[in-house]
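For reference, the structure is listed below as structure tokens.
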Amino acid sequence: MVRKNNNKKMPEEDDYGLSPEKEVRTIDPPPVSYLPPAPKNYTPKIGIIGTGGISDFHLKAYKVCGWDVVAMHNRTRSKADEKKDKFFPEAQVHDDYREMLANEDIDVVDITPHPDDRIPIVRDALESGKHVLSQKPFVLDLDEGEELVSLADKNGVKLAVNQNGRWAPHFSYMRNAIRDGIIGRVVSADLSLQWDQTWITGIEAFENIHHLILYDFAVHWFDISNCFMRGQDPVDVYASAVRFNEQKFTPPALASAIINYPESQVRMSFNSHTQLGEEDVTTVVGTKGTLRSRGPGLNEQPQMEIYTEEGECVVPLEGCWFENGFQGTMGELLCAIEGGHEPDNSARDNLRSLALCFAGVESADTGKAVRVGHARKIKH
């Protein structure tokens, strides 16, 4: 026999399915360190190989931070001369990057070309005893990446990757808040991005990358997912990519991915052809709370929403991705060299991020979930 609980109020028809109202308590923001790191006393001489468009962000960051770039190389010398005059007039321009690597005064080399050209240069730099910051995506072959990590270990140098999204203010705040245990163990993460990427239309270097979104772009989101889910081993990835007739560029503009873990899940959604109403929202739910950031774009995330058992608050964020990010990747490497520890953006850790990305690309190609680690190479 089942008795009714006469003391329990049944939900009204209009309220059915809605969460009950909760008391809202405002708390002080928790102390979370999220700004780019910088070494205390280490002031190395830095060389940069590859002075194409992306190098502007690298060089601007180094100039702002007071880090000394003393050498530059680009296969088109005029581009290196241009960046020298713009950012570091005292730097020496080399016609051959090997001349730079032979300079014993240079401790750190930033290597920016695309993967096919970059890998041999990274190998030469490591064998020359240089600490290396490699542009992303780090490698196209996980086995080759593991060989480079071993080579760095053998030569006693640090090898880091320019996954600058880790120091975007909102992502940096989230990963450090998670690391501090503020929301407990992460149960789910939802990353939804609608932005306008139509500026790539007609640019051959981008038009020829079939999985431009899932690979070249979303590698940042696979990487930050790796950071959010530290301590949890991923099982598989299911992803898809779709092209629609009206889009302006060739690669599929729409993509999504689900990363499954034994007791959690990450869900990513991308529309790179959003010309009206752009928005970027990230929500991370843990066993003890929730973090949320939202804004009109990846470079505009003005605040962090924090919800915990103690209460909730809103934290204004300082900086933006394309300033903090490039300061953070080099700053972390320099701190690791100074402190003698593994950089947070180490190539070793980045291989875990690439394993997620590669599984996502293979899943989109096959229409099936792919176990993480199964896809060892990627074709771009």
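Values in this text are rule-based calculations from the coordinates and carry no lab data. Values in this document were obtained by computation on a predicted structure and should not be read as measured data. Because the Cβ atoms are built from the backbone with ideal geometry, glycine has one as well, and the counts that use them run over all protein chains shown.
Peptides 42-53, 346-357, 182-193, 366-377 ranked from most to least packed, by the mean per-residue count of other Cβ atoms within 10 Å: 346-357, 42-53, 182-193, 366-377.
So if R0 is 25 Å, what FRET efficiency would residue 40 and residue 198 give, r being the distance between their Cβ atoms, rounded to the nearest 0.05? After rounding, the FRET efficiency stands at 0.05. Label zone of residue 246 (point 7 Å out along Cα→Cβ, amide N under 16 Å): in the stretch 154-195 this covers 195.
Once the Cβ-Cβ distance of residue 60 and residue 300 is raised to the sixth power relative to R0 = 25 Å, the FRET efficiency obtained is 0.85.
Using the Cα centre as the reference, give the magnitude of the dipole from point charges on the C-beta atoms of the stretch 259-324 (Lys, Arg: +1; Asp, Glu: -1; all else neutral), rounded to the nearest 20 debye.
For the stretch 259-324, the charge dipole is close to 240 debye.
A dipole drawn for the chain from +1 and -1 charges on Cβ atoms has a positive end, and of 187, 353, 120 the residue lying farthest that way is 187.
Here the stretch 176-191 is scanned for amide nitrogen atoms under 18 Å from the site 7 Å beyond the Cα of residue 265 along Cα-to-Cβ, giving 186-191.
Computed extension length for residue 90-residue 322: 81.0 nm, one decimal, from 0.36 nm per residue of separation with the Cα-Cα distance subtracted. Overall, the chain carries a charge dipole of about 680 debye about its Cα centre when +1 sits on the Cβ of Lys and Arg and -1 on the Cβ of Asp and Glu, all other atoms neutral.
Compute the FRET efficiency between residue 208 and residue 75 as 1/(1 + (r/R0)^6), taking r as their Cβ-Cβ distance and R0 = 30 Å, and round to the nearest 0.05. All intermediate terms of the calculation are to be shown ahead of the outcome.
Values: r = 19 Å, r/R0 = 0.65.
It comes out at approximately 0.95.
So for each of 325-338, 197-210, 114-127, 160-173 I average, over its residues, the number of other beta carbons within 10 Å; can you give me the resulting order with the highest mean first? The partial results should precede the final answer.
Working: 325-338: 23.9, 197-210: 13.9, 114-127: 18.3, 160-173: 26.4.
The peptides rank, most packed first, as 160-173, 325-338, 114-127, 197-210.
Taking the average, over residues, of other Cβ atoms within 10 Å as the packing measure, peptides 240-249, 100-109 rank 100-109, 240-249 from highest down. Proximity of backbone amide H atoms, modeled 1.01 Å from N, is registered between residue 184 and 288 at under 5 Å, excluding neighbours fewer than 5 places apart on the same chain.
Is the shape of the stretch 129-168 rounded, prolate or oblate, going by the alpha carbon gyration tensor and its root eigenvalues a ≥ b ≥ c, with a/c under 1.5 for rounded and a/b larger than b/c for prolate? Write out the running numbers ahead of the final one.
On the way: a/c = 2.85, a/b = 1.35, b/c = 2.11.
Oblate.
Between residue 312 and residue 275, the distance separating the two model label sites (each 7 Å from Cα on the Cα→Cβ line) works out to 3.6 nm. Under 24 Å of direct C-alpha separation, and excluding same-chain neighbours fewer than eight residues apart, residue 40 reaches these lysines: 60, 63, 130, 158.
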